[in-house]
Amino acid sequence: MGNIFYRTYPKKFNKDKSNLGFFDIYDLDQRFMALKILGIDFILIEDIFKRDRDFLDFSQINKIFGQNQDFISQISKAHDLNLGIFLRLDLSKIKKISKKNINAVLNFWINKGVDGFILDDFSNSSKFLGENIKSLKNSYKNIKFILNTSDKKKDEIFDGYVDFSFWKNSKNLDLRKFILDKNKNDLAFALNGDYEFLCEKFLDFKHFYTNCSKLMAIISIMRSEDIFIKEGEEILSYKKEIDSKIRKEIFDFYRKIFLIRYDYLDIIKEEYYPLNFKSKDLLSYFYYKDNKALVILNNLSQKDVLFELPGFFNIKKSKFIIGNISQREIFKNINLRAYESIVFTCPIKKYKL
């Protein structure tokens, strides 16, 4: 699909304006314009349903968050700005799992204007999904369904899949080592995880928070798959002491990266190639199409890293696109500063990759 999703989690909602970075059902529309400016395609709303002990009533908004009618009204306001609304449903939380009940939940929100769903694929519910979703897709041509599963074969049934399984068991994982060793895995090296802002584990957000935030934007967004931005990530909301001007700077950078991604999406949709350097602090790769490369270089350490670019890049005809620190000239020998990330294009010489 290649859409951009903004994932929001409700707090204890009230009728006052939300704190910076958080949604409120009653004034959700006041953030819609900012998200439209940012370049979001869909707002993915999670964990808003009424609890019934260990189960959820997917037809009722939790009253401490707001009322059904308030939420339905906000769906309409989002559509006025051409923003879509997605709901994430943990189908294992339906009290009595059946095709009829799953169908009823989906139909309920489709009739209220919801544009799509992410469905968590658990063993006790997955057996009901296939034919049911096929039927819904035939009935609702404009509704999008994404299955949260590691089974890529499900892509034949759904518009897409999101493999979040890796992140569920990653508490003690050395993520920095993982992405350097396993950067052929698109989802992992993009660090676009489902659970927690994991880049905090190995990047220094205490002293380099602006550079690290922008570095993460480049890594997470410059790819072809669906992009999932966690609420507040675009303004680094969890860091309370940051000046509002810095938040705006990070927000504007995210917006700029979204626009660049669209400009180069034809290249990004092609296969990417990892670049292997001696320094294990470099996360480097490039996309390639029609003799043109889009190169992304990231220094994941607090020290400068000097390295030499491969000979098949025609550096003399390179063009700097964006960087998280400053614009710079591209040379065969590059010294990346602490937590520096740069993106540039250049032709490929006639070498075999």
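Note the per residue figure in Å³ for the convex hull of the C-alpha positions in region 197-302.
Values: hull volume 11.0 nm³, N = 106.
For region 197-302, the hull spanned by Cα atoms encloses 104 Å³ per residue.
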*Please name whichever of S244, I342, L309 sits farthest to the positive end of the charge dipole of region 236-353, dipole taken about the Cα centre and charges placed at Cβ: Lys and Arg +1, Asp and Glu -1.*
L309
*Rg and Dmax of region 73-117 over Cα atoms: what are they, in angstrom?*
12.2, 37
*Using the 10 angstrom Cβ neighbour count as an exposure proxy, how do Y6, Y288 rank, fewest first?*
Y288, Y6
*If you bin the C-alpha pair distances of region 296-353 every 10 Å from 0, what whole percents do you get?*
24, 54, 20, 2
_For a quick check: with amide H placed at 1.01 Å from N, whose amide H comes under 5 Å from I227's, ignoring anything fewer than 5 positions away on the same chain?_
N3, I4, F5
*Would you mind ranking T8, T345 by Cβ crowding within 10 Å, fewest neighbours first?*
T345, T8
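The numbers here are math on the coordinates, done by the rules we state, and not lab data. Treat the numbers as computed from the prediction; the structure is a model and nothing was measured. Using ideal geometry, Cβ is built from the backbone for each residue, glycine included, and neighbour counts are taken over all protein chains shown.
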